[in-house]
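Novice: This is the structure I have questions about; it appears just below.
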Amino acid sequence: MNTSDSSKTSSPAIERHIASGEVCCDPVWEEAYRRFESPEEEIEKFIKRLKAMGFQNHDPDNRVIELFCGRGGGLTALKRLGFNCLEGVDLSETLLLQNEPGAKLHLADCRDLPFEDATVDTVVIHGGLHHLPDLPEDLARVLSEVHRVLSSEGTFHIVEPWLTPFLRFVHCMVEQPLVRRLYKRGDALAVMIEHERETYEQWLNQPAVIRDMLRQNFLPILDRTAWGKLHFSGRKR
Ligand SMILES: C[S@@+](CC[C@H](N)C(=O)[O-])C[C@H]1O[C@@H](n2cnc3c(N)ncnc32)[C@H](O)[C@@H]1O
């Protein structure tokens, strides 16, 4: 199934499990994402989140896989926390090519993971599930794949947008033209929301279904919503 790595030493090595170029990212969304926060700001945010989820107490030799890893801010955060067996999965080769060296990268669909059963200690997702086109079907596929690849003691950790009162307030604010003109991050967020509206709203509108599916597959260690985010960590059932 796998074909070979990139031969360029300056580019990260990518194992391709789907045809390259099969999927491309939305350039307008990408540009807004870059305006929303710099790579360094994003890495600092991920480090804080990972510490809040207790990652500093995990074994640094654990095999950790980040799904929907994009340009790799989450993998860099894990590397800075001392993890040394890291892998990332994303559909966009353009974004995978922006990753720092250090993690093994897979051009693959998270609904069909390229890993053997029960071989992974930890799976992490920072804002990827809300990009799935069909809910709840695609979520069921990803969760079933995560469950399949995790070892019996394996853990699963996600941070995704959640329709808390704070997020409703943010939505109202970034719809105001004046706010968008004066607050550049707000404008970037509004562009990102416009360009992912269909999957984003589909995700935000199914909280009970999503939580039930998470809890059916994983025994919760942490299940908290705050500041527009769901933080869920669970152990494989
Ligand atoms: C919000 S971005 C995540 C960004 C990432 N946390 C980062 O640091 O760059 C969502 C990512 O999900 C990827 N994606 C969307 N659907 C996917 C799928 N079915 N399988 C794998 N990756 C997918 C996109 O290519 C994009 O990189």
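Novice: How many residues does segment 85-102 hold that are within 12 Å of the ligand (Cβ to nearest atom) and not in a strand (DSSP E or B)?
Specialist: Looking only at that region, the number is 10.
Novice: Count, please, the residues in segment 13-36 that happen to be open to solvent by less than 80 Å² (accessible area, probe 1.4 Å), at pLDDT 85 or above and either among the small types (Gly, Ala, Ser) or farther than 17 Å from GLU160 by Cα (or both).
Specialist: Residues meeting the conditions: 11.
Novice: Quick test for you: out of ASP90, ASP5, pick the one residue that is modelled with pLDDT under 95 and at negative phi. Even if it seems obvious, please write down each step before you answer.
Specialist: Numbers: ASP90 fails: modelled with pLDDT under 95.
So the residue among ASP90, ASP5 that is modelled with pLDDT under 95 and at negative phi is ASP5.
Novice: Which of the residues belonging to segment 49-67 are crowded, with 23+ Cβ neighbours inside 10 Å and either of a type in the set (Asp, Glu) or more than 14 Å from THR122 (Cα to Cα) (or both)?
Specialist: If the condition is that a residue be crowded, with 23+ Cβ neighbours inside 10 Å and either of a type in the set (Asp, Glu) or more than 14 Å from THR122 (Cα to Cα) (or both), then GLU66 is the only one that fits.
Novice: Tally the residues that are touching a residue at least 40 places away in the same chain (Cβ under 8 Å) and open to solvent by less than 30 Å² (accessible area, probe 1.4 Å), restricting the search to segment 159-186.
Specialist: 7
Novice: Anything in segment 111-129 that is near the ligand (Cβ under 8 Å from one of its atoms) and open to solvent by 10 Å² or more (accessible area, probe 1.4 Å)? List them, or say none.
Specialist: Within segment 111-129, ARG111, HIS126, GLY127 qualify.
Novice: What is the residue count in segment 37-48 for residues that are buried (at least 18 other Cβ atoms within 10 Å of the Cβ), away from the ligand (no atom under 11 Å from the Cβ) and within 21 Å of LEU189 (Cα to Cα)? Let's see the steps before the verdict.
Specialist: Taking segment 37-48 and keeping what is buried (at least 18 other Cβ atoms within 10 Å of the Cβ), we get 42-43, 46-47.
Checking the rest, the ones that are also away from the ligand (no atom under 11 Å from the Cβ) come to 47.
Next cut, within 21 Å of LEU189 (Cα to Cα) only: none.
Going through segment 37-48 one residue at a time, the tally reaches 0.
Novice: Scan segment 226-237 for residues that are over 17 Å from the mean Cα position of the chain (by Cα) and not basic (Lys, Arg) and jot them down.
Specialist: Within segment 226-237, ALA226, TRP227 meet the criteria.
Novice: Does segment 136-158 hold any residues that are open to solvent by less than 20 Å² (accessible area, probe 1.4 Å) and not β-branched (Val, Ile, Thr), and which are they?
Specialist: Of everything in segment 136-158, those that are open to solvent by less than 20 Å² (accessible area, probe 1.4 Å) and not β-branched (Val, Ile, Thr) turn out to be ASP138, LEU139, LEU143, LEU150, GLY154, PHE156, HIS157.
The values are calculated or read from the model by the stated rules, or taken from the named source; none is laboratory data. Just so it is clear, the model here is predicted, and its values are computed rather than measured. Please note: Cβ atoms are built from the backbone with ideal geometry, for glycine as well, and neighbour counts cover all protein chains shown. Remember, those area values only see protein heavy atoms, side chains included, never the ligands or the DNA or RNA. Shrake-Rupley method; radii C 1.70, N 1.55, O 1.52, S 1.80 Å.
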